[in-house]
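Structure record follows, encoded as C-alpha cells.
Each reported figure results from applying straightforward, stated rules to the coordinates on display, with no laboratory input. Note that the structure is predicted; figures quoted are calculated from it, not measured. Positions of Cβ are backbone-derived with ideal geometry, glycine not excepted, and every protein chain shown enters the neighbour counts.
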Amino acid sequence: MRSLADRNTATVDLSTAPVTRVTTSQEYHALLAENPESLVVFKWFAPWCRSCKAMDLKFKRLALENPCVVFAEIDIDVSRELKRQHGVKAIPAIHMHAGHLGLVENFTCGPSKVPLLSRRIDMYANVAAYVAKAKGGLMEKLSAFSAGVASKLPIPSAPIGTASKGLMERFNDLSVIGESDSDDSVTLAY
C-alpha cells in the first residue's frame, strides 16, 4: 500500500475512475438492484459548490482504489426530485448502501472527511462479511433475550397497543419538525 505522500504525488488518470452519473430515481434504484451484494457509494454534489469540486478528485481516487465498490454521483441541480426524495439537505453528502441491508451510512463529507469515508468504505466493502457480522450480533441478542434476560425487564402497566401515544406516533411527531414546503435549500459542508 502506498503512503499518503505517495498518493498525493503519484500521477493517476482520474478520468478513468469508475464513477456512474445518476440523474433519475429509476437509475438510482436500477444501480442498487444491479448490485445487491456490493457496497454502493453515492456522492451528492453541485457543480457550483467549492467543497464538492475539492471532493471530486478524492472521490474518484477512492473509486480507483476500491474496484469492488460501486461509486456514483448525483448532481442536485439536475436531480432536484431525487434530492428531495432522499432528504439531502447539505452537500457534499455521501449515502452508502450495503447490498440487501440498504442505507447503512449517510453523512456530509467535505474534503477534510475523506479519511472517514475511506474507513467507512473499508468497513462495509465486504458486504457478505458485514451482513454475517450483523446477523451474528442479532442472534446473540435474541439468544440472550430468550435465556432469561426478558424476565428482568419491567412489564408495562398497559398493553402496548393501548398507550395514549405509542412510540411510532411520537417518532412521527418528531420527524415532521423542521420540514417545509420548499426543499430546494441546501447547506454546504466543509
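Of note:
- Beta bridge orientation in the range 16-130: antiparallel %, DSSP, nearest 5: 55 percent
- Ranked by the mean number of other Cβ atoms within 10 Å of their residues, highest first, the peptides 89-97, 76-84 fall in the order 89-97, 76-84.
- Rel. contact order, % - alpha carbon contacts under 8 angstrom, at least six apart, the range 16-130: 35 percent
- Placed amide H near Glu73: partners under 5 Å, 5+ positions off or other chain: Thr20, Arg21, Val22, Lys43
- Taken about its Cα centre, the range 16-130 carries a charge dipole of roughly 500 debye when the Cβ of each Lys and Arg holds +1 and the Cβ of each Asp and Glu holds -1.
- Orientation-averaged projected area, Cα convex hull of the range 16-130 (nm²): 6.4 nm²
- At most 15 other Cβ within 10 Å, DSSP loop - chymotrypsin sites (Phe, Trp or Tyr not before Pro), the range 31-85: Trp48
- Rounded to the nearest whole Hz, the Karplus-based 3J(HN,Hα) values (6.51 cos²θ - 1.76 cosθ + 1.60, θ = phi - 60°) of the range 101-118 follow the sequence 6, x, 5, 10, 8, 8, 7, 6, 9, x, x, 6, 9, 4, x, 5, 4, 4, with x at glycine and proline.
- The range 17-46 residues near the modelled Val78 label - backbone nitrogen below 20 Å, point 7 Å along Cα→Cβ: 17-34, 40-46
- Spin-label pair Ala54/His100, simplified geometry with 7 Å Cα→Cβ offset, distance in nm: 4.1 nm
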